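The values are calculated or read from the model by the stated rules, or taken from the named source; none is laboratory data. This is a predicted model, so every value here is computed, not measured. Using ideal geometry, Cβ is built from the backbone for each residue, glycine included, and neighbour counts are taken over all protein chains shown. Accessible surface is based on the protein model in full, side chains and every heavy atom, while ligands, DNA and RNA are left aside. Shrake-Rupley method; radii C 1.70, N 1.55, O 1.52, S 1.80 Å.
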Amino acid sequence: MANIRDVAKQAGVSVTTVSRVLNNHPYVTEEKRLAVEKAVEGLGYYQNINAIHLSKGETRLIGVAVPFINHSYFSTLLNGIADQALVRDYNLVFYQTNYQEEEESKALEALKRKQIDGLIILSRTSDWSSVEGYQGFGPIVVCESSEHTRIPCVSVDHYEAFRYGMRYIIGKGHRHIGYCIGRRNGTNSSLREKAYCEELEYIGETYRKNWVFNNCLTIEDGKRVVNEYVSLKEKPSALLITSDQVAAGFRMEAEKQEIRVPRDVAILGFDNHPIAEALDLTTIELPLHEVGMSLVEKVSSKNPTSDIYPFELVERGSV
C-alpha cells in the first residue's frame with residue numbers, strides 16, 4: 001500500500017508539497033500540483049484519515065449513549081441529532097446501553113481515549129460524580145431536566161409537562177388517575193412522579209402504587225397494561241402515558257376488550273408521535289427533534305449551556 005513518501009518520490013517533490021496538495025494549500029505551483037495528483041492516482045494512494053484527525057486533535061466524531069435505538073422517544077431525538085450532525089460535518093458513534101452502567105462507561109471511556117470529540121447521553125444510568133470525572137477529556141451534554149451546575153443539560157421540562165398533564169386530566173373531572181412510565185428510576189422519571197404525587201395531594205387523593213404501571217416502552221407494553229388494568233379491583237378513570245406508542249397499544253387493546261376510551265378510561269399520551277394522530281389520541285407534544293439538534297450544537301460548542309424546551313398540548317378524542 002502506497003504511503004505519502006511513495007507519492008513524493010513518484011512526483012519528484014517533497015513530502016511537504018504532497019501534504020499541501022492533499023490539503024488544498026494555495027501556495028503550490030500548478031506544475032507540482034498536477035504531478036502530485038497524477039502520482040496519487042497512479043499509486044492508488046489514500047490519506048489515512050485517522051492520522052489526519054490525530055494531527056488536528058479531533059476526530060469529527062460525536063458519541064451518543066442511548067438506552068434503546070428503536071424507542072420512539074429516543075429515535076426522534078436521534079433524528080434531530082443526525083440532522084444537525086450532518087449540518088455541522090460530524091459523524092456519529094452510537095453506544096446502546098440498555099440502561100446498563102457498564103455500557104454507558106464504554107462511551108465515557110471512548111471520550112477519555114480521544115476516540116470521539118464529545119459525548120451526548122440521552123438517558124443517564126451513571127451517577128453524576130462518575131460522569132463529572134470525564135469532563136476533562138471533552139464536552140459532555142446530558143438530555144434530561146436537571147439544573148446540574150457543571151454538566152450542560154438539554155431537554156423539555158418533564159416535571160412541568162407532567163404536572164400540566166395532571167391538571168388537564170383533573171380539569172376534565174377525573175380524580176382517580178394513574179400513569180404509565182418507562183422506568184421508575186432516573187431524573188426525568190423522578191420528576192414525573194414528583195409532579196404526579198403533588199397534584200394528587202392537591203386534590204386530596206392518595207397515591208396508589210398499583211395504579212403506576214412500570215416498564216412501558218412499546219405498543220406491546222400498552223396492550224399489557226390493559227390486562228393489568230382489567231385485573232384491578234378499583235380502577236383509575238384516567239391514565240397519563242409517557243409514550244404515544246404505549247398509549248396506542250393501550251387504545252387498540254382496550255377496543256378489543258370493549259373498554260371505551262374515553263368513556264370508561266381516559267388516556268393522555270406524550271410526544272405527539274404520528275401514531276397519536278392516527279388513533280385520535282390527546283397528547284402533549286415534546287419538541288424532541290429540536291432538542292436533538294440542540295444537543296449537537298451544545299456538545300460542539302466551546303462553552304455549552306443548559307436549555308429547556310417548551311411543550312404543547314394537542315387535544316384530540318381520548319380524554
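The label point for Thr206 and the one for Glu258, both projected 7 Å from the Cα toward the Cβ, are 3.3 nm apart.
Applying the criteria of a DSSP loop state and at most 11 other Cβ atoms within 10 Å to the GluC sites (Glu not before Pro) of segment 247-311 yields Glu258.
Relative contact order of the chain: 17 percent, from C-alpha pairs under 8 Å at least 6 residues apart in sequence.
In the distance distribution for segment 114-227, Cα-Cα pairs more than 19 Å apart total 56 percent. Cβ screening of the chain for cysteine pairs under 4.7 Å finds these without a partner: Cys143, Cys153, Cys197.
Taking all protein chains in place and a 1.4 Å probe, what share, in percent, of the accessible surface of the chain do carbon and sulfur account for? Carbon and sulfur atoms account for 48 percent of the accessible area of the chain. Using the Cβ-Cβ distance between Asn185 and Val87 with R0 = 35 Å, the FRET efficiency computed as 1/(1 + (r/R0)^6) comes to roughly 0.50.
Label positions at Glu277 and Glu147, each projected 7 Å from the Cα along the C-beta direction, are separated by 3.7 nm.
Working from Cα pairs under 8 Å separated by at least six residues, relative contact order for segment 161-230 is 39 percent. Cut-off 10 angstrom, C-alpha nodes, Gaussian network model of the chain. Which of Thr282, Thr125, Thr16 fluctuates the most? Fluctuation is largest for Thr16. I'd like the FRET efficiency for Arg316 and Asn98, computed as 1/(1 + (r/R0)^6) with the beta carbon distance as r and R0 of 41 Å, rounded to 0.05. The calculated FRET efficiency here is 0.80.
For His289 and Gln115, a Förster radius of 41 Å and the Cβ-Cβ distance give a FRET efficiency of 0.90, rounded to the nearest 0.05. Expressed to the nearest 5 percent, the antiparallel share of DSSP beta bridges inside the chain is 10 percent. Once the 1.4 Å probe is applied to the protein heavy atoms, the chain comes out at 50 Å² accessible per residue. Candidate values [x] 87, 39, 30; [y] 50, 48, 35; [z] 50, 41, 35 were compared with Cα extents along the principal axes in Å computed on the shown model; the agreeing label is [x]. The listed residues Asp6, Asp117 rank as Asp6, Asp117 when sorted by accessible area, largest first, using a 1.4 Å probe. State whether segment 60-119 is rounded, prolate or oblate according to the following rule on the C-alpha gyration tensor (a ≥ b ≥ c being the square roots of its eigenvalues): a/c under 1.5 gives rounded; otherwise a/b larger than b/c gives prolate, and the remaining case gives oblate. Note, shape of segment 60-119 comes out oblate. For a paramagnetic label modelled on Glu198 (point 7 Å from Cα along Cα→Cβ), amide N atoms under 15 Å away belong, within segment 166-181, to 166-168. The loop-placed GluC sites (Glu not before Pro) in segment 141-205, going by DSSP, that have at most 12 neighbouring Cβ atoms within 10 Å of their Cβ come out as Glu147.
Helices in the chain, meaning DSSP H runs of at least 4 residues, each add -39500 (n - 2.57). Divided by all residues, the mean residue ellipticity at 222 nm is -13500 deg cm²/dmol. Distance between the 7 Å Cα→Cβ label points at Ser14 and Glu234: 8.7 nm.
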